[in-house]
Every structure is written in C-alpha cells, then in structure tokens.
Amino acid sequence: MTDDHSTLTPKAQETRQRIFDTAVKLFMEKGYEETTMREIAAEAECSLGLAYRYFESKEVVVIQLYRQLAANTKERIAALPELSIAERFYHVMNEVMQEISPFRPVWQGIFGGALNPNSPYGVLGDRTADIRREMKGVFMQLVTEADDAPKKPEQVAAMGMLLYVAYLMTLLFWISDRSAGYKTTYQLLDFSRDTLNLIRGAMVLPPVTKGMMRLAGIVEQVFGG
C-alpha cells in the first residue's frame with residue numbers, strides 16, 4: 001500500500017477519513033493495544049476488507065497521525081510572526097501542545113512502538129523517513145524566517161536539525177509528564193526558550209558554533225531522513 005492518497009476519489013477520501021477518525025476514537029476509548037482492525041471496521045460501518053484497503057494495519061493509522069501532526073506543525077510555522085528563533089520555537093510548541101493534549105491517551109498508547117528503532121512504522125522507521133526529512137526542512141524554515149537567523153546556510157541547517165530533535169524530545173517528555181496541566185512540560189518549554197536565546201547569542205563565538213554543528217551532525221545520523 002502506498003502512503004500517497006492524492007489520487008483517491010472524494011468518496012474514497014471520505015471513507016478513509018471516517019475509518020481513521022474511528023480508529024483514533026477507539027484508541028481513546030479502549031486503548032491502542034486493545035483495539036483491533038475488526039472493531040475499527042465495525043464501528044466505521046464498513047467491511048474489514050475495506051478497512052484493510054486503506055490501512056493495512058493499526059500501525060499505518062499511527063503513520064497517518066504522524067503525518068497529520070507534521071502537516072499541522074508545518075502550517076503553524078509558516079504562519080509564525082518574524083520573531084527570534086527561541087520565541088518562534090516556543091510559540092509553535094505551545095500550539096502543538098494545545099492540539100495534541102486532548103489525544104494524550106492515544107499518543108501514550110502508541111509511543112512505545114513509535115520509539116522502537118526496529119519498527120518500520122516508528123518515528124525513526126523506514127516508512128516515516130520522508131516525514132523526518134520534511135520536518136527537518138520545516139524547522140529550517142522556522143530558523144530562516146526568524147529575525148535573528150544565522151547568515152550561513154550550514155548554521156541554519158544545524159539549528160533546524162536540533163530544533164526538530166528538541167520538538168520530538170519535548171513530545172516524549174510531555175507523554176511522561178504527570179504534573180497537573182502538564183506544568184512540568186511548560187517549564188521545560190520556558191527553559192528551552194531561555195537556552196535557545198543563550199545559544200543564539202553565543203554563536204558569535206566560533207567554539208559554540210563548532211559545537212552546535214558537531215552535535216547536529218551526530219543527531220542527524222539517527223533522526224535524519
């Protein structure tokens with residue numbers, strides 16, 4: 001099955017969306033592991049064969065969740081005002097948090113498998129490599145359009161890569177956060193904003209830039225496309 005659904009008819013798109021929405025609803029109500037494709041098909045009022053036609057497994061529903069979050073994040077970054085890198089990252093992460101918070105049980109249920117490096121459906125899997133490449137570019141855009149963007153393209157690329165990793169690590173932190181209203185996660189976002197401001201200010205120093213570039217090169221080997 002291909003991940004490109006641009007050629008589907010409007011009716012097929014509607015059916016696929018209904019199956020996807022039903023799957024997410026059941027993940028919320030029953031838990032990811034406990035939900036079966038048969039139950040998804042029954043709740044969506046379609047045949048099991050049709051459900052498998054659009055989603056060959058529950059894991060493919062998860063990939064669609066990744067894609068949806070990535071697309072929404074891309075739109076949010078494109079709409080950001082021309083602020084500093086730190087402020088732009090802070091704003092977009094706050095908006096992402098507001099988007100996904102109602103669906104926290106779903107993300108908690110799938111993140112164990114999502115972080116499995118041997119799974120082709122995980123956030124680091126083969127089937128999601130294009131999402132990682134796209135998101136790296138999206139965070140490079142966040143840096144490029146900031147009012148304190150670095151002049152050198154290689155610095156923009158390194159900063160974009162590190163922000164993408166920070167984005168993923170913040171989501172992982174949030175999933176494990178048991179504080180009321182996710183207070184600890186928002187404290188982490190405050191800290192990230194302050195740290196990014198310090199790093200950006202210190203990039204006039206060659207050792208700081210060199211260290212950032214080295215770190216970006218290391219993490220890209222795992223988190224890159």
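In plain terms, the chain from E45 to Y186 could stretch by 46.7 nm, reckoned as 0.36 nm per residue minus the Cα-Cα distance.
Here the peptides 205-212, 60-67 are ranked by packing, the mean other Cβ count within 10 Å, and the order with the highest first is 60-67, 205-212. Modelled label positions at R53 and M97, each set 7 Å beyond Cα in the direction of Cβ, lie 4.3 nm from each other. Taking the chain as a Gaussian network of alpha-carbon nodes connected by springs under 10 Å, the highest mean-square fluctuation of the residues Y54, Y121, Y164 belongs to Y54.
Before I look further, what does the chain give for accessible area per residue, probe 1.4 Å, in whole square angstrom?
Values: 11510 Å² over 225 residues.
The answer is 51 Å² per residue.
Site-free segments of the chain were taken between GluC sites (Glu not before Pro) in DSSP loops having at most 11 other Cβ atoms within 10 Å, sites themselves excluded; the longest one is 83-225.
Among the protein heavy atoms of the chain, carbon and sulfur supply 56% of the accessible surface, probe 1.4 Å, non-protein parts ignored.
I'd like the orientation of helix 153-176 relative to the chain: the angle between its Cα long axis and the longest Cα principal axis, in ° from 0 to 90, rounded to 10. So the inclination is approximately 50 degrees. Computed from the C-alpha gyration tensor, the three semi-axes of the ellipsoid equivalent to the stretch 1-78 are 21, 16, 10 Å, from longest to shortest. Of interest is the spacing of the C-alpha centroids, which for the stretch 179-222 and the stretch 161-175 amounts to 11 Å.
With a Förster radius of 30 Å, plug the Cβ-Cβ distance of M28 and E82 into 1/(1 + (r/R0)^6) and report the FRET value to the nearest 0.05. Could you put the intermediate results ahead of the total?
Working: r = 37 Å, r/R0 = 1.25.
After rounding to 0.05, the efficiency reads 0.20.
All C-alpha pair distances within the chain, sorted into 10 Å bins from zero, spread as 7, 30, 33, 20, 8, 2, 0 percent across the bins.
Assuming charge only on the beta carbon of Lys and Arg (+1) and of Asp and Glu (-1), the dipole of the stretch 86-225 about its Cα centre is about 300 debye to the nearest 20.
Using helices alone, I'd like the mean residue ellipticity at 222 nm for the chain: each DSSP H run of four-plus residues gives -39500 (n - 2.57), total over residue count, nearest 500.
Values: 10 runs with 161 residues, N = 225.
Calculated from helices alone, the mean residue ellipticity at 222 nm is -24000 deg cm²/dmol.
Need the full-extension length gain, E145 to E75, defined as separation in residues times 0.36 nm minus the C-alpha distance. One decimal, nm.
The E145-E75 span can extend by a further 23.8 nm.
Approximating the spin labels as points 7 Å out from Cα along Cα→Cβ, the Q68-to-L205 distance works out to 4.5 nm.
Dividing the alpha-carbon Rg of the stretch 131-225 by 2.2 N^0.38 Å yields what?
Working: Rg = 14.0 Å, N = 95, 2.2 N^0.38 = 12.4 Å.
Its radius of gyration relative to the 2.2 N^0.38 Å reference: 1.12.
By the rule of a C-alpha distance below 29 Å, with chain neighbours fewer than 8 residues away ignored, the lysines paired with K136 are K58, K74, K151, K152, K183, K210.
From the mean inverse distance of alpha carbon pairs (Kirkwood) and the Cα radius of gyration, derive Rg over Rh for the stretch 167-209. Walk me through the numbers before you get to the answer.
Values: Rg = 13.5 Å, Rh = 11.7 Å.
My calculation of the ratio gives 1.16.
Express in nm, to one decimal, how much length is gained between N197 and V219 on full extension, taking 0.36 nm for each residue of separation and deducting their alpha carbon distance. Present the calculation step by step, with values, prior to reporting the outcome.
Values: separation 22, 0.36 × 22 = 7.92 nm, distance 2.08 nm.
Extending this stretch completely gives an extra 5.8 nm.
Toward the positive end of the charge dipole of the stretch 141-225, with +1 on the Cβ of Lys and Arg and -1 on the Cβ of Asp and Glu, the farthest Cα among L188, V222, V143 is that of V222. Against the main long axis of the alpha-carbon atoms of the chain, helix 85-100 sits at an angle near 20°. For the Cα atoms of the chain, what angle does the longest principal axis make with the long axis of helix 183-202, in degrees from 0 to 90, nearest 10? It is inclined by approximately 40 degrees.
The values are calculated or read from the model by the stated rules, or taken from the named source; none is laboratory data. Just so we're clear, the structure is a prediction, and the values are computed from it rather than from any experiment. In this analysis, Cβ positions are derived from the backbone assuming ideal geometry, glycine residues included, and neighbour counts consider all displayed protein chains. Ligands, DNA and RNA are excluded from the accessible area calculation, which covers all protein heavy atoms including side chains. Shrake-Rupley method; radii C 1.70, N 1.55, O 1.52, S 1.80 Å.
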